[in-house]
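One structure is given here, and the rest of the page talks about it.
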Amino acid sequence: MILRAYRALFAKRVFFRLNKLLYRLGLCGMGVLNYESHRASGEERFLQKYLGRKPGGVVFDVGANVGDYSRKVLRVCPQATVYAFEPHPKTYKTLEKAIDHPGFFPINAAVGEAEGEISLFDYMEQDGSSHASIYRGVIENIHKAASIEHRVKIIDLLGFARSKNLEKIDLLKVDTEGNEFGVLKGIYDYIKDGKVEAIHFEFNEMNVSSRTYFKDFWDLLSNYDLYRLLPDGMIQIDTYNPVFCEIFAYQNVVAILKGSRADV
């Protein structure tokens, strides 16, 4: 009834700009495009609520860049052990020196489905940026810039976790400019067996370059409850609906193992 009434009144060319503004405002209200700060994105509150109640634990920071996320983790939970993965040769040098903490371990490698070597693309004029991706299209098509290529080592998290004899990962954060799904596939055995309690990943326009849908994450993480972060908490995505899920714009998604505490 309301939809029919709105359509009759406002589905007109004269109201296009108004409808576009309302759409943009609605996205913010659903946890999309709140990128101005870690507080606006909900990331800061999530870490405080989720890790603040833990005496320690293991955190994987995949796509660590210069260590901002790792630093926040250790500030909230000083007893945590953080493995920070960063493939970019220039950025990694900064990461190595960024944090002085006995539980912080930087690793100079990309993360994906299997071990090997892969190309990493960044801005030719701003090499060492936070947008570096294994997908050339992220730099050239989405950001409309010339790219430079680096050949880097790539590993899978399953092999890494087993090499460290880790039985559980408390938090897996993934921000890899489009390769988030590949990272998760590379540790699927741990995900399937419930050995990763929480996963924090971005879903955005980079997934257009990687041709990855929200439905792919939904199916892979079938034993998790999925949430979008808001500045004051998070809202559960309890049903997959393409209209509300396949939004290729900046958003922070948290997956928490079913049966775990989700009062964050």
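At a glance:
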read-out: Residue-averaged 222 nm ellipticity for the chain, from DSSP H runs of 4+ at -39500 (n - 2.57), nearest 500; value: -8500 deg cm²/dmol
read-out: Listed residue pairs exceeding 29 Å between alpha carbons, taken from LYS49/LYS195; LYS97/LYS168; LYS215/LYS258; LYS54/LYS192; LYS90/LYS168; LYS90/LYS192; value: LYS90/LYS168; LYS90/LYS192
read-out: Calculated diffusion of the chain, Stokes-Einstein form, Kirkwood radius summed over Cα pairs, 25 °C and 0.890 mPa s, µm²/s; value: 127 µm²/s
read-out: Reachable lysines from LYS20, criterion Cα separation under 21 angstrom, eight or more residues apart if same chain; value: LYS12
read-out: Cα centre as origin, Lys/Arg/Asp/Glu Cβ charges: the chain dipole, Debye; value: 1000 debye
read-out: Per-q log10 I(q)/I(0), the range 1-155, q = 0.09, 0.12, 0.18 Å⁻¹ (Debye; single scatterer per alpha-carbon; no solvent); value: -0.45, -0.70, -1.11
read-out: Cα-based Rg of the range 171-246 normalised by 2.2 N^0.38 Å, two decimals; value: 1.06
read-out: Gain upon complete extension [LEU18, HIS143; 0.36 nm per residue less C-alpha separation]; value: 42.3 nm
read-out: Difference of contour (0.36 nm per residue) and Cα-Cα distance, GLU117 to ARG211; value: 31.7 nm
read-out: Backbone N within the range 227-264 under 19 Å of label point (7 Å from ASP219 Cα along the Cβ vector); value: 238-248
read-out: Size descriptor, Kirkwood hydrodynamic radius, that averages inverse alpha-carbon separations across the range 14-69, Å; value: 14.0 Å
read-out: Pairwise centroid distance, computed over Cα atoms, of the range 85-109 with the range 126-143, Å; value: 20 Å
read-out: Stretch gain in nm, segment CYS28-LYS97, where the contour uses 0.36 nm per residue and the Cα spacing is subtracted; value: 21.3 nm
read-out: Summed residue charge, Cβ within 13 Å of LYS144's Cβ, Lys/Arg positive, Asp/Glu negative; value: -2
read-out: Antiparallel DSSP beta bridges within the chain, percent to nearest 5; value: 55 percent
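Only the coordinates and a few stated rules stand behind these numbers; no lab work does. Everything numeric in this text was worked out from a predicted model, so none of it was measured. Here Cβ is always computed from backbone atoms with ideal geometry, including for glycine, and neighbour counts include all displayed protein chains.
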